[in-house]
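Trainee: My questions all concern the structure below.
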Amino acid sequence: MTQPTTVGRVLALLSRIEPIRVLDAYCCIGGATEGYRRAFKNCHITGVDKEAQPDYRGDAFHQGDAIEFIRAHGHEFDFIHTSPPCQGEGAPTKGTNRARNAAIGRTYPRLIVPTRAALEATGRPYVMENVAGSEVRKDVRLCGEMFGLGVLMHRYFELGGWSTAQPAHPRHRGRVRGWRHGEYHEGPYVAAYGNGGGKATVQEIRAAKHIDWSTDHLRLREALPPAYTEWIGRAFLAAGSDVRGVAA
């Protein structure tokens, strides 16, 4: 249930003149940033990432630890988005795969729980995005087919301090193009991950995700399609406008 304090904050955001202050933590090149820019219109977005991001899409960038930044500055923002790296969270890194990674000295941090704790301490409305098998709460599930994209890329979103309804999930139009178990398949979606085996090229990922400001293959693969967070941002604003209508 939407909390009264969050409702009041959303209404204030809708009516004020100064930009909505948005934090995009673990921002990469700013796929999520671009979506919120489209949804909020009048906003100022700061990205945080442990690696330099010369292609970052937002208004300001801080290179450093995302959790430390949220703890120190999260309360200064009106809305916070986080996309903790999924390598340590999803099903592919669990069980035997995790043991295999540990055996070769490859380890990935588990960041969802400490990120959630930092977010909750700010008292600000937030979103935390990750993959199936992760520890994010599955409040909303989005798919590229919902937005007519050339990737499927199912992602889950935990909503902190606000809520919205799950949108309908349309039936997929076919397979993801590429090799599977020694057999090549055609399909309307590209595999925007890894290299070889029919995986998507830079130009194919740019077209499939509707990202036109970077040519970095790795970061394009990691980036969230802007359509996802444009939907999330609009849903956040709608949560406030719905309550305003009821109150009237």
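The values are calculated or read from the model by the stated rules, or taken from the named source; none is laboratory data. Note that this is a predicted model, so its numbers are computed, not measured. Positions of Cβ are generated from backbone atoms using ideal geometry, with glycine treated the same way; all protein chains shown enter the neighbour counts. Heavy atoms of the whole protein, side chains included, go into the accessibility calculation; ligands, DNA and RNA do not. Shrake-Rupley method; radii C 1.70, N 1.55, O 1.52, S 1.80 Å.
Trainee: If DNA, RNA and ligands are ignored and the probe is 1.4 Å, what is the ranking of His154, His210 by accessible area, most exposed first? Could the numbers behind the result be given before it?
Mentor: Numbers: His154 45, His210 100 Å².
My answer, sorted largest first, is His210, His154.
Trainee: What relative contact order, as a whole-number percentage, does region 109-248 give when Cα pairs under 8 Å and 6 or more residues apart are counted? Numbers along the way, then the final one.
Mentor: Numbers: 197 pairs, mean separation 23.5, N = 140.
Reported as a whole number, the value is 17 percent.
Trainee: Further, regarding this structure: Carbon-plus-sulfur fraction of the accessible area of region 107-233, 1.4 Å probe, in percent?
Mentor: On the way: 2970 of 5770 Å².
Its accessible area is 51 percent carbon and sulfur atoms.
Trainee: So, one more: What FRET efficiency comes out for Asn195 versus Glu68 if R0 is 35 angstrom and r is the Cβ-Cβ distance? Round to the nearest 0.05.
Mentor: 0.60
Trainee: Further question: With each pseudo-label sitting 7 Å past Cα toward Cβ, what's the Glu135-Glu183 distance in nm, one decimal?
Mentor: 3.9 nm
Trainee: Probe radius 1.4 Å, ligands and nucleic acids left out: which of Lys199, Lys138, Lys50 has the largest accessible area, and how do the rest follow? Walk me through the numbers on the way to the answer.
Mentor: Working: Lys199 55, Lys138 95, Lys50 145 Å².
Most to least solvent-accessible, the answer reads Lys50, Lys138, Lys199.
Trainee: How much accessible area does Leu23 have with a 1.4 Å probe, in Å² rounded to the nearest 10?
Mentor: Its heavy atoms expose roughly 0 Å² to the probe.
Trainee: Mind checking the full-extension length gain between Ala168 and Arg38? Use 0.36 nm per residue of separation minus the Cα-Cα distance, one decimal, nm.
Mentor: Stretched out fully, the Ala168 to Arg38 stretch lengthens by 44.6 nm.
Trainee: While we're on this one: Find the accessible area per residue for region 106-248; the probe is 1.4 Å, ligands and nucleic acids are left out, and the unit is Å².
Mentor: On a per-residue basis, region 106-248 sits at 48 Å².
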